[in-house]
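Trainee: Can you read through this structure? Questions will come right after.
We did not get these values from a lab; they are worked out from the coordinates using the rules stated. Bear in mind that the values here come from a model prediction, so they are computed numbers and not experimental data. Counting neighbours? That spans all protein chains shown, and the Cβs are built from the backbone with ideal geometry, glycine included.
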Amino acid sequence: MGLIIYLDGKYVPEEEAVVSVFDHGLLYGDGAFEGIRAYNNHVFKLQDHLERLYESARTICLQIPISIEEMQEAVLETLRRNNLRDAYIRLVVTRGKGDLGLDPQNCPRPTVFCIASSIQLYPDELYENGLEMVTVATRRNLPEACNPRVKSLNYLNSIYAKMEAKLAGAGEALMLNQEGYVVEASGDNIFLVKNGKLITPPVYLGLLEGITRNTVMEVARAMGMVVEEKLFNRHDVYNADECFLTGSAAELIPCVRVDGRPIGTGKPGEVFWSLLKGFRELTKEDGPVIFE
Ligand code: PMP
């Protein structure tokens, strides 16, 4: 059975959920989106995702035609119509239909859609044994050019990185900025564990402020760990005790090899497993309820 999709105020079968070839989301990657998970009948951190979506939209001068409350209801109702209590949700707002020029002023109405489905970013085996990353030549977008804090539909920078990593035989890409500081992976944030401290790059470096990232920092602090947002480079990664990635789609995944060097023992570490446990606990009841 096909999915029911929310599209511009209506719930339609997936065959009918189509957008125009003149939509600037397609023509120019002009728009913003969110990837969200529902666990155990709750939409995890939904408020944070909605706020980030509306902030991305504000920065790119995209006027979302419905309120944040209506958007929340659209997400919940999409899940209900598909009878889903656990899901991966893709919420998208594009600039809408325009002409063949890039001027967004010629796009009178944004397109809004929500897909509730599932996703598996990496094979199960990698969640147990850890994945391998390589540093890629593609640098993360400069914040002054295309700010990674905006979760825009323009993902070519990340796609380049992912392709490079896969072509090199690794599962994920380590992305640096112009100065060689570690920024993030192609679609996940990065964490190191060193001498019991949790370290992740600061948002102003030019990365997506991941909601899973913020949640993991919260979990770590609650466990009494020191959490530092600071700059680091590849030397720090190679010499970390542990390394892992976070994202709504990826959840938490250990990284055990970077550029051919084993990280720590070369196996997922103790801190990783405790943070994962803490994260799993939170997912049980955070966020609005789908079915009352
Ligand atoms: N960085 C990038 C580039 C991403 O696309 C994502 C989301 N897939 C993340 C980090 C993780 O963000 P979140 O935890 O909010 O999903």
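Trainee: How much net charge surrounds F113 when only other residues with a Cβ under 9 Å from its Cβ are counted (Lys, Arg +1; Asp, Glu -1)?
Mentor: Values: positive: R90; negative: D8.
After counting each charged neighbour, the total is 0.
Trainee: In the chain, if the dipole is taken from +1 on Lys/Arg beta carbons and -1 on Asp/Glu beta carbons about the Cα centre, which of V43, V227, P13 is farthest to the positive end?
Mentor: Among V43, V227, P13, the one farthest towards the positive end of the dipole of the chain is V227.
Trainee: Normalised by the number of residues in the chain, what is the relative contact order in percent for Cα pairs under 8 Å and 6+ residues apart? Intermediate results must be reported in sequence, preceding the final value.
Mentor: Values: 614 pairs, mean separation 61.0, N = 292.
Contact order relative to length: 21 percent.
Trainee: Sort 38-47, 227-236 for me by packing, meaning the mean count of neighbouring Cβ atoms within 10 Å per residue, highest on top. Could the numbers behind the result be given before it?
Mentor: Values: 38-47: 19.7, 227-236: 14.3.
Descending packing order for the listed peptides: 38-47, 227-236.
Trainee: Right, here's the next one. Kindly provide the helix-only [θ] at 222 nm of the chain, computed as the sum of -39,500 (n - 2.57) over DSSP H runs of four or more divided by all residues, to the nearest 500 deg cm²/dmol?
Mentor: Numbers: 8 runs with 82 residues, N = 292.
My calculation for the chain gives -8500 deg cm²/dmol from helical runs alone.
Trainee: Hey, which lysines would be in cross-link range of K284, C-alpha to C-alpha under 22 Å, not counting anything within fewer than 8 residues on its own chain?
Mentor: K45
Trainee: Calculate the all-directions average of the projected area of the stretch 146-266's alpha-carbon convex hull, and give it in nm².
Mentor: Numbers: hull surface 29.0 nm².
Averaged projected hull area, Cα only: 7.2 nm².
Trainee: Restricting to DSSP loop positions (anything but H, G, I, E, B) with no more than 16 other Cβ atoms inside 10 Å of their own Cβ, which trypsin sites (Lys or Arg not before Pro) remain in the stretch 111-191?
Mentor: Values: sites: R139, R140, R149, K151, K162, K166; in loops: R139, R140, R149, K151.
Counting only loop positions with at most 16 other Cβ atoms within 10 Å, the trypsin sites (Lys or Arg not before Pro) in the stretch 111-191 are R149.
Trainee: To the nearest 20 Debye, how big is the dipole of the chain about its Cα centre, given +1 on the beta carbon of each Lys and Arg and -1 on that of each Asp and Glu? Mind showing how you got there, number by number?
Mentor: On the way: 30 positive and 41 negative charges, 82 e Å.
Around 400 debye, computed over the chain.
Trainee: For the chain, what is the Kirkwood hydrodynamic radius in Å, using each pair of distinct C-alpha atoms?
Mentor: On the way: mean 1/r = 0.0504 Å⁻¹.
For the chain, the Kirkwood estimate is 19.8 Å.
Trainee: In addition: For the stretch 137-147, just list the computed ³J(HN,Hα) in residue order, Karplus coefficients 6.51, -1.76 and 1.60, θ = phi - 60°, integers in Hz, with x standing in for Gly and Pro.
Mentor: 6, 5, 7, 5, 3, 5, x, 6, 9, 9, 5
Trainee: Strictly under 4.7 angstrom between C-beta atoms: which cysteines of the chain have no such partner?
Mentor: Cysteines lacking a close Cβ partner in the chain: C61, C107, C114, C146.
Trainee: When the label point is put 7 Å from the Cα of K197 along its Cα-to-beta-carbon vector, which residues of the stretch 227-251 have a backbone N closer than 12 Å?
Mentor: Once the point is set 7 Å along Cα→Cβ of K197, 227-232 turn out to lie under 12 Å by backbone N, inside the stretch 227-251.
Trainee: Report, in listed order, any pair from K194/K230; K151/K197; K166/K277 with a Cα-Cα distance greater than 20 Å.
Mentor: Working: K194/K230 13 Å; K151/K197 28 Å; K166/K277 29 Å.
Exceeds cut-off: K151/K197; K166/K277.
Trainee: Neighbour counts of other C-beta atoms within 10 Å: give me S67, S248 arranged from fewest to most.
Mentor: Details: S67 11, S248 22.
Lowest to highest Cβ neighbour count: S67, S248.
Trainee: Pick out, from I89, H24, V216, the residue whose Cα sits farthest towards the positive end of the charge dipole of the chain, with +1 on the Cβ of Lys and Arg and -1 on the Cβ of Asp and Glu.
Mentor: V216
Trainee: Also: Above 22 Å lies some portion of the pair distances; for the stretch 36-147, what is it as a whole percent of all C-alpha pairs? Show your work: numbers first, answer last.
Mentor: On the way: 3236 of 6216 pairs.
Cα-Cα pairs of the stretch 36-147 separated by over 22 Å account for 52 percent.
Trainee: With only alpha-carbon atoms in the gyration tensor, what are the semi-axes of the equivalent ellipsoid for the stretch 130-213, in Å, largest first? Kindly include the intermediate steps, with their values, before the conclusion.
Mentor: Working: eigenvalues 68, 61, 26 Å².
Gyration-tensor ellipsoid for the stretch 130-213: 18, 17, 11 Å.
Trainee: To continue, here is another question. Based on Cβ point charges of +1 for Lys and Arg and -1 for Asp and Glu, what charge dipole magnitude is obtained for the stretch 150-292 about its Cα centre, in debye rounded to the nearest 20? The partial results should precede the final answer.
Mentor: On the way: 15 positive and 19 negative charges, 69 e Å.
Computed about the Cα centre, the dipole is about 340 debye.
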